[in-house]
1. Residues that are over 16 Å from the mean Cα position of the chain (by Cα) and basic (K, R), at least 2 per element: which helices (runs of 4 or more DSSP H) completely within region 1-107 meet that?
2. Which of the residues spanning region 92-114 are free of Cβ contacts under 8 Å to residues at least 40 places away in the same chain and of a type in the set (D, E, K, R)?
3. Restricting attention to region 133-147, does a residue exist that is among the basic types (K, R), open to solvent by 40 Å² or more (accessible area, probe 1.4 Å) and touching a strand residue (DSSP E or B) at 6+ places or on another chain (Cβ under 7 Å)?
4. Quick check: is even one residue across region 188-199 closer than 19 Å to T33 by Cα and either surrounded by 15 or more Cβ atoms within 10 Å (Cβ to Cβ) or at pLDDT below 95 (or both)?
5. Scanning for something in a strand (DSSP E or B), closer than 20 Å to F34 by Cα and modelled with pLDDT of 95 or more, does region 136-153 turn up at least one residue?
6. Within region 71-92, which residues are closer than 20 Å to L183 by Cα and touching a Phe, Trp or Tyr at 6+ places or on another chain (Cβ under 7 Å)?
7. Which one of L183, L152 is open to solvent by less than 10 Å² (accessible area, probe 1.4 Å) and among the hydrophobic types (A, V, I, L, M, F, W, C)?
8. Provide a single number: the residues in region 84-124 that are open to solvent by less than 10 Å² (accessible area, probe 1.4 Å) and not polar (S, T, N, Q).
Amino acid sequence: MEKVKILNINFSNYTLSRFLEIFHSRIKEGKKTFVVTANPEIVMHAKKNGDYYRTLQKADYITPDGIGILLASKILKTPIRERVTGYDLMGELLKIAEKMRWKVYLFGAKEQTLEKAYQNMKKKHPSLHIVGRHHGYVDINDPRVAQEIETLEPDITFVALGFPKQEYWIARYLDQFNKGLFLGVGGSFDVWSGEVKRAPKIWIDLHLEWFYRFLKQPWRLKRLLVLPEFLIKIILLRIKECIKNDESAAHQFRK
């Protein structure tokens, strides 16, 4: 597996299409799969929180969700091929699930939001086999949702609890499931419900989706301020690596 390490988080360096090929194969084989879609905010939280860092270490795949991750990989001279967001990954997996008649479970968001998301998914994918759904307002220690998923055995479970809760939940209960891909998708149900609009394609293509979100949701400013903090740490790390390489080269020269 191709990996790119960014602040000790191992990102899987694949394109969206390659991720889909891998996940398709693992679902067909009945392999359990824990997928994290990580942006700079998640990386910084893991850097400051040991429990969360150890939780991410349990993931089978971590996708680069955010332009900040791609920028960091270029600064560190280990470029990542493509940004792979939770929303895009979810959308493509829903298409495949409908075609393959895979069982899908939806977990997260408010009851009303979840219901709207469910209805819109069924409109877009009439043959989609959604075997169950549950709102996200649950205590992580409450095992009832996990017990239902264990009984229903969905092929794909989308967990939209927001980070870090969604990753904690997956890691906590993964061992009791026999099969399935478990993907943390943050606020994707909000978009599917129509309550939150995703940025127009031109904003996404220009890597300005984060700015569009800020314009629509100014309260996100505190979260967006993590990006410059993240990039400063990346730049300092790169400078440190360059100094280390220069010192090593000078040492070899003196020999």
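1. Values: elements: 16-28, 40-48, 50-57, 67-75, 86-100.
Of the helices (runs of 4 or more DSSP H) lying wholly inside region 1-107, those with at least 2 residues that are over 16 Å from the mean Cα position of the chain (by Cα) and basic (K, R) span 16-28, 40-48, 86-100.
2. Of everything in region 92-114, those that are free of Cβ contacts under 8 Å to residues at least 40 places away in the same chain and of a type in the set (D, E, K, R) turn out to be K95, E98, K99, R101, K110, E111.
3. Yes: one or more hits.
4. Taking region 188-199 first, the residues closer than 19 Å to T33 by Cα are none.
Scanning region 188-199, I find no residue that is closer than 19 Å to T33 by Cα and either surrounded by 15 or more Cβ atoms within 10 Å (Cβ to Cβ) or at pLDDT below 95 (or both), so the answer is no.
5. First, pick out the residues of region 136-153 that are in a strand (DSSP E or B): none.
Within region 136-153, not a single residue is in a strand (DSSP E or B), closer than 20 Å to F34 by Cα and modelled with pLDDT of 95 or more.
6. Across region 71-92, the qualifying residues are V84, L89, M90.
7. The conditions single out L183.
8. 15
The values are calculated or read from the model by the stated rules, or taken from the named source; none is laboratory data. Computed from a predicted structure; not experimentally measured. Positions of Cβ are generated from backbone atoms using ideal geometry, with glycine treated the same way; all protein chains shown enter the neighbour counts. Protein only, heavy atoms only, side chains kept; ligands, DNA and RNA dropped before computing areas. Shrake-Rupley method; radii C 1.70, N 1.55, O 1.52, S 1.80 Å.
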